[in-house]
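The values are calculated or read from the model by the stated rules, or taken from the named source; none is laboratory data. For clarity, every value in this text was computed on a predicted model and none was experimentally measured. Every residue, glycine among them, receives a Cβ derived from its backbone with ideal geometry; neighbour counts consider all protein chains shown.
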Amino acid sequence: MSPLIEIEELRSEKGPIILIDARAGADARQRYDAGHLKDAQFADLDKDLALLPENAANGGRHPLPLIESFSKKLGEWGITPESHVIVYDDKAAAFGGARLWWMLRAIGHKKVQVLNGGLKAAVDAGIPLSTEPYTVPAVVPYSVPAGFAGTVDIEETGKAAKDDHKMVIDVRETPRYLGQMEPIDLIAGHIPGAENLPYTLNLDANGKYKSPEELKTAYVKLLGDVKPDDVIVHCGSGVTACHTLLGMDYAGITGSKMYVGSWSEWSRRDLPVATDQK
């Protein structure tokens, strides 16, 4: 199953689906209430897809939720291992869309897709929005493994950044990577040795993912001889990194891992910081 679904495919989908609106921000719920796709349930990035950190130096600004809490939440959304889940947000999957896709894949769920182009694609296609909240009957908590697969910690990330046979990719905007600005975290710059490939380069002018062929060309050029299994992707807090992991999957490049703590953790640990282009 492709990690992306086009709006035309969503329109013609005949089977039962679970539709999740995963937009983010302090007013995300208000924006959902003002207009969302019909039958879409709301997912709160900070409460449902992350754990409120006691200290961002230990896990970053968006650490993964407890696996038991995620299991319960999936049950509340009516999601079972057989469910076809479709997720969207209002920033071309760069917020909760790709994050929830990645989380589901990380527990072994197969049938999950992200709406290519997000809410904008639906609005542009003339699909009317609903202001009615939507819930489904809860089911038993989802049977989950002991944890989320495909993650690495701060120590492994630091070692990989120094290893010529491995690669760490920072998907934040280049000015943040270069330390020219930092609107969120305490220190500007990047992990020494990390490469920069902004997640925005995954998108075309319409806010949709580029074709698998275009994406593969860009990723292969960056990776060179490094195997996908030896690649670690990170961002500011482990959310937009999922956007690139989805793009890689769409391009047929699988096996790369995510450093969830990302720059928000690294920059608070009194570790080396670089501001030069590698």
Tell me which of these Cys242 doesn't satisfy, since it passes every other one: (1) under 10 Å from the mean Cα position of the chain (by Cα); (2) over 28 Å from Gly207 (Cβ atoms). (2)
Determine whether region 149-157 contains at least one residue that is assigned to a helix (DSSP H, G or I), in contact with an Asp or Glu (Cβ under 7 Å, 6 or more places away or on another chain) and more than 19 Å from Glu9 (Cβ to Cβ). yes
Examine region 247-257 for a residue that is assigned to a helix (DSSP H, G or I) and within 22 Å of Arg176 (Cβ to Cβ), and state whether such a residue exists. yes
Within region 192-237, residues more than 20 Å from the chain's Cα centre (by Cα), within 18 Å of Lys159 (Cβ to Cβ) and β-branched (Val, Ile, Thr) come out as Val226
Considering only region 177-194, I want to know if a residue exists there that is more than 21 Å from Ala94 (Cβ to Cβ) and either among the hydrophobic types (A, V, I, L, M, F, W, C) or outside any loop (DSSP other than H, G, I, E, B) (or both). yes
Can you name the number of the only condition in (1) of a type in the set (Val, Ile, Thr); (2) buried (at least 21 other Cβ atoms within 10 Å of the Cβ); (3) free of Cβ contacts under 8 Å to residues at least 12 places away in the same chain that Thr217 fails? (2)
Tell me, which helices (runs of 4 or more DSSP H) wholly within region 62-132 include 1 or more residues that are in contact with a Leu (Cβ under 7 Å, 6 or more places away or on another chain)? 96-106, 118-124
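Could you say which residue among Ala40, Ala50, Ala57, Ala22 is modelled with pLDDT of 95 or more, buried (at least 19 other Cβ atoms within 10 Å of the Cβ) and closer than 26 Å to Arg269 by Cβ?
Ala50
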All positions within region 131-153 that are within 24 Å of the chain's Cα centre (by Cα), farther than 18 Å from His109 by Cα and among the polar types (S, T, N, Q): Thr135
